[in-house]
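The values are calculated or read from the model by the stated rules, or taken from the named source; none is laboratory data. The structure displayed is predicted, hence computed values, not measured ones. Here the Cβ positions follow ideal geometry from the backbone for every residue, glycine too, while neighbour counts run over all protein chains shown. Only protein heavy atoms, including side chains, enter the accessible area calculation; ligands, DNA and RNA are left aside. Shrake-Rupley method; radii C 1.70, N 1.55, O 1.52, S 1.80 Å.
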Amino acid sequence: AAVLKPFRLISFVELVVYPKFPWIKLDTNWMRFNGTDWRTSSVKLTLKSVQKLTDQISEFNFETPADASHAWAAGSHVELETSAGLRSYSLIRWPNENINHFRFAVKCEHSGAGGSQAMHTLRGGDVINAKNVRNNFELVDQTYPIILLAGGIGITPLISMAVELHEQDRPFQLHYAV
């Protein structure tokens, strides 16, 4: 007979539709850079490099200021002041790399409101204001196996989560649909 092990499900649907589930931790704590509360100020980030990942998706790697704290956890996102207005993007951490920079993957949505198009016009050396680094999609510290579900560019925060879970030797599955 098969034995079913308990698991916890983390997905964007549960985060948006069912925020009262006790196993989803909604954390509104704000990260601070050099003691500065990002709710009322911004930090300038310099674009170090842009790498085209697909026809529509590019990865943007920003240097953080030398006096800035680099601590952020899987699931974190940052609000960037683009020419189209304030837009939130999830931070990515790839395997075998530290978090001393801010890296985002952005899909260019030609029919969107312009934020992704503004990001895709940036070039190395450009400076952009960032604010409100926060994590409303944090991994919970549980021993249960985790199932990560993503679709399209929604994979972005889950990449960091999968890396963190792997490094912690925690059981997980990542399911992805395009």
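Output the relative contact order of segment 87-139, whole-number percent, from Cα pairs under 8 angstrom with separation of 6+ residues.
Relative contact order comes out at 23 percent.
Would you list Y176, Y89, Y144 from the most to the least accessible area, probe 1.4 Å? Present the calculation step by step, with values, prior to reporting the outcome.
Details: Y176 115, Y89 30, Y144 65 Å².
My answer, sorted largest first, is Y176, Y144, Y89.
Are there trypsin sites (Lys or Arg not before Pro) in segment 54-124 that DSSP puts in a loop and that have at most 15 other Cβ atoms within 10 Å, and which ones?
Those satisfying the criteria are R123.
Report the full-extension gain for the segment E81 to R170: residue separation times 0.36 nm, less the Cα-Cα distance, to one decimal in nm.
Stretched fully, the E81-R170 segment lengthens by 28.5 nm.
Can you list residues from other chains, or at least 5 along the same chain, whose modelled amide H is less than 5 Å from the amide H of F62?
Those lying under 5 Å, H to H, from F62 are K48, F102, R103, F104.
Where Lys and Arg each count +1 and Asp and Glu each count -1, what net charge lies around A113 among other residues with Cβ under 14 Å from its Cβ?
Details: positive: R87, K107; negative: E109.
The answer is +1.
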